[in-house]
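Asks: Mind having a look at this structure? Questions to follow.
The values are calculated or read from the model by the stated rules, or taken from the named source; none is laboratory data. As the structure is a computational prediction, the values presented were derived from the model and not from experiment. Here the Cβ is made from the backbone with ideal geometry for all residues, glycine too, and neighbour counts use every protein chain on show. Keep in mind that these areas ignore ligands, DNA and RNA; they rest on the heavy atoms of the full protein, side chains included. Shrake-Rupley method; radii C 1.70, N 1.55, O 1.52, S 1.80 Å.
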Amino acid sequence: MSQAAAITGKAGRRILWILETATWPLRAPVYRFILSRLMPLDVTIGITTYKDRFESCLRPLLPKISLLFPRQQIIVIANGHYMTDEQHRYVEQFKKLCSRYRQVEPETHIEPIGLSSLWNRIIEKAHSKNVLILNDDIMIRPGFRRIVKRLLASGDKLVTINASWSHFLITGEAVGKVGLFDEGLKELGGEDDDYIARMALAGIKPGNLDTGTISGRSKRRMRITGLNSYGRDMSAEKGGYSTLNTGYLVSKWQTSDTYFEGAVEVTGRKIRYWKLRKPEGSQAG
């Protein structure tokens, strides 16, 4: 594909998402009528969020996800923030928004905790053995509900959407064989690398489903600048997310681009071969 064609395609997709957002209020009553009469899906939906994404991400996402999944359990966890006074005010706004939707179960934190811990909290609180975990910085179309049905029917123990861990389905089978996410990862980053390597040790390969019914929001349009919820500038952190988490992974795993004795091949990662440096015992489950 030429550069011009790629630019044109990107612009076209952007226009379609603008139209989706603009026309949704007109179409929402029809979907509400239809979907309220469908049988619920056997899935719990979990969303992680934090203070700086309340207006740009969570506020537009929650009404739509609640409408498309009217009879599913939806767990929304607000992580803590290093700006404690502002966090207390945010928590009140967050709870007020969540209270508008009967199937939404909110959980809040004042101090920031690791993403692994947030994901584990969702899995532990889920009523279903199938858990769809979503970032808050996404946009969805009504067809996303059909994609979730396809995920559930795939038979895979863990399935990413569009090859991204910003949105993935994890099953009870995966948790039973691999465990929960490693809470030794105290901040943000590396959760997917660690888990997919542990899946490889257990002989499990993740599935993937590509779809145009979900997309990440433009970081530029979200207008999020400055420090993250841990008070760190991620652009200055090792691994692009967290120096702490990167160091933890290095201490836990020996890795290489070429095979070495005892290593397991991990598909879909930049580094191909992984081996635990010590017996596994630091996982959260």
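Asks: Can you give me the number of residues within region 104-128 that are free of Cβ contacts under 8 Å to residues at least 40 places away in the same chain, in a loop (DSSP other than H, G, I, E, B) and either within 26 Å of Arg145 (Cβ to Cβ) or not hydrophobic (A, V, I, L, M, F, W, C) (or both)?
Replies: 2
Asks: Only residues that are open to solvent by 10 Å² or more (accessible area, probe 1.4 Å) and either assigned to a loop (DSSP other than H, G, I, E, B) or touching a helix residue (DSSP H, G or I) at 6+ places or on another chain (Cβ under 8 Å) (or both): list them for region 80-103, please.
Replies: Of everything in region 80-103, those that are open to solvent by 10 Å² or more (accessible area, probe 1.4 Å) and either assigned to a loop (DSSP other than H, G, I, E, B) or touching a helix residue (DSSP H, G or I) at 6+ places or on another chain (Cβ under 8 Å) (or both) turn out to be Tyr82, Met83, Glu86, Gln93, Ser99, Arg100, Tyr101, Arg102, Gln103.
Asks: I need the full set of residues from region 239-265 which are under 27 Å from Ile110 (Cα atoms) and modelled with pLDDT of 85 or more, in order please.
Replies: If the condition is that a residue be under 27 Å from Ile110 (Cα atoms) and modelled with pLDDT of 85 or more, then Tyr241, Ser242, Thr243, Leu244, Asn245, Thr246, Gly247, Tyr248, Leu249 are the ones that fit.
Asks: Would you mind telling me which numbered condition in (1) part of a helix (DSSP H, G or I); (2) open to solvent by 40 Å² or more (accessible area, probe 1.4 Å); (3) at pLDDT 95 or above; (4) touching a helix residue (DSSP H, G or I) at 6+ places or on another chain (Cβ under 8 Å) Asp42 fails?
Replies: For Asp42, the failing item is (1).
Asks: Which members of region 28-58 meet the condition of being under 16 Å from Thr108 (Cα atoms) and among the basic types (Lys, Arg)?
Replies: Answer for region 28-58, where residues must be under 16 Å from Thr108 (Cα atoms) and among the basic types (Lys, Arg): Lys51, Arg53.
Asks: Moving on. Looking only at region 140-150, decide whether some residue is assigned to a loop (DSSP other than H, G, I, E, B), under 21 Å from Asp210 (Cβ atoms), open to solvent by less than 40 Å² (accessible area, probe 1.4 Å) and not polar (S, T, N, Q).
Replies: Yes, there is a match, as at least one residue in region 140-150 is assigned to a loop (DSSP other than H, G, I, E, B), under 21 Å from Asp210 (Cβ atoms), open to solvent by less than 40 Å² (accessible area, probe 1.4 Å) and not polar (S, T, N, Q).
Asks: Find the helices (runs of 4 or more DSSP H) located wholly in region 164-265 whose residues include 2 or more that are hydroxyl-bearing (Ser, Thr, Tyr), in contact (Cβ under 8 Å) with a residue 12 or more places away in the chain and open to solvent by 20 Å² or more (accessible area, probe 1.4 Å), and list them.
Replies: 243-252
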